[in-house]
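For reference, the structure discussed in these notes is given below.
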């Protein structure tokens with residue numbers, strides 16, 4: 001079967017269709033003969049993802065299917081996994097509102113750069129409820145034309161990410177990294193407590209910690225350790241970047 005792709009993706013018709021059906025993207029799939037000698041070259045599979053709102057092709061993937069069942073299953077499985085990662089970019093992480101307030105920033109018992117303790121005011125802002133998952137970060141890498149992080153469970157937080165990549169990831173979602181003051185304000189639960197959840201000593205039901213021997217947990221795990229607004233893993237799990245020095 002064949003069709004005129006341009007006839008289905010004209011903005012005048014595609015955008016209302018997407019809004020009516022609550023669809024953010026359209027996936028086009030095409031299987032075609034490969035090479036001039038069809039009897040030997042097998043088939044190609046090509047996928048394209050079109051953003052309905054902008055009529056732009058935001059992702060494309062093509063692979064030779066081969067001729068045998070095993071080859072076909074392997075190639076389609078690989079492309080399907082990459083497509084699943086891409087789909088996550090159309091489902092942005094939930095954000096929570098953090099109200100304005102004041103914060104005694106720093107620590108008398110901390111390192112020199114944490115002193116002196118000083119009172120600051122923080123304007124209201126929004127923060128992702130969870131750390132960035134490996135699946136969501138892989139979607140960004142694929143959209144940016146780079147290889148996805150291999151062999152890491154999709155629900156675990158993304159790690160080994162540079163500050164520049166963290167900032168770029170936020171930017172492509174029209175977000176930004178929080179400032180250090182905003183992050184500490186959220187981590188203290190907006191009430192200047194020692195921990196996001198309050199004053200109770202840390203435990204395995206509240207945070208994943210313990211130095212180099214600790215293993216990260218899923219970004220939506222340990223809900224008892226959330227701050228007052230429901231933001232998770234502001235203590236423990238993995239380190240997080242802020243926007244300023």
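The values are calculated or read from the model by the stated rules, or taken from the named source; none is laboratory data. What you are looking at is a predicted structure, and each value in this text was computed from that prediction instead of being measured. Reconstructed Cβ throughout: ideal geometry from the backbone, glycine too, with neighbour counts over all protein chains shown.
State which residue is farthest from residue 190 (Cα to Cα) when the search covers only region 123-139 and only residues that are at pLDDT 95 or above and not in a loop (DSSP other than H, G, I, E, B). It comes out as 128.
Of all residues in region 184-231, those being touching a residue at least 24 places away in the same chain (Cβ under 8 Å) and not in a helix (DSSP H, G or I) number 24. Criterion first (surrounded by 13 or more Cβ atoms within 10 Å (Cβ to Cβ), in a loop (DSSP other than H, G, I, E, B) and touching a helix residue (DSSP H, G or I) at 6+ places or on another chain (Cβ under 6 Å)) does residue 93 satisfy it? Considered against the rule, which asks whether it is surrounded by 13 or more Cβ atoms within 10 Å (Cβ to Cβ), in a loop (DSSP other than H, G, I, E, B) and touching a helix residue (DSSP H, G or I) at 6+ places or on another chain (Cβ under 6 Å), residue 93 comes out as no. Filtering region 211-245 to residues that are in contact with a strand residue (DSSP E or B) (Cβ under 7 Å, 6 or more places away or on another chain) and over 13 Å from residue 129 (Cβ atoms) leaves 216, 235, 237, 238.
Just one of the numbered conditions (1) at pLDDT 95 or above; (2) part of a helix (DSSP H, G or I) is not true of residue 241: (2).
Check whether at least one residue in region 140-147 is in a helix (DSSP H, G or I), without any contact (Cβ under 8 Å) to a residue 60 or more places away in the chain and more than 17 Å from residue 234 (Cα to Cα), and report yes or no. Give the steps one after another, and end with the answer.
Here is the first cut: in region 140-147, the ones in a helix (DSSP H, G or I) are 140-143.
Going one step further and asking which of them are without any contact (Cβ under 8 Å) to a residue 60 or more places away in the chain, we end up with 140-141.
Pick out the ones that are also more than 17 Å from residue 234 (Cα to Cα) and you get 140-141.
Yes, there is a match, as at least one residue in region 140-147 is in a helix (DSSP H, G or I), without any contact (Cβ under 8 Å) to a residue 60 or more places away in the chain and more than 17 Å from residue 234 (Cα to Cα).
Restricted to region 104-122, and to residues there that are out of contact with any strand residue (DSSP E or B) (no Cβ under 8 Å at 6 or more places or on another chain) and either in a helix (DSSP H, G or I) or in contact (Cβ under 8 Å) with a residue 60 or more places away in the chain (or both), the residue that is nearest to residue 225 (Cα to Cα) is 114.
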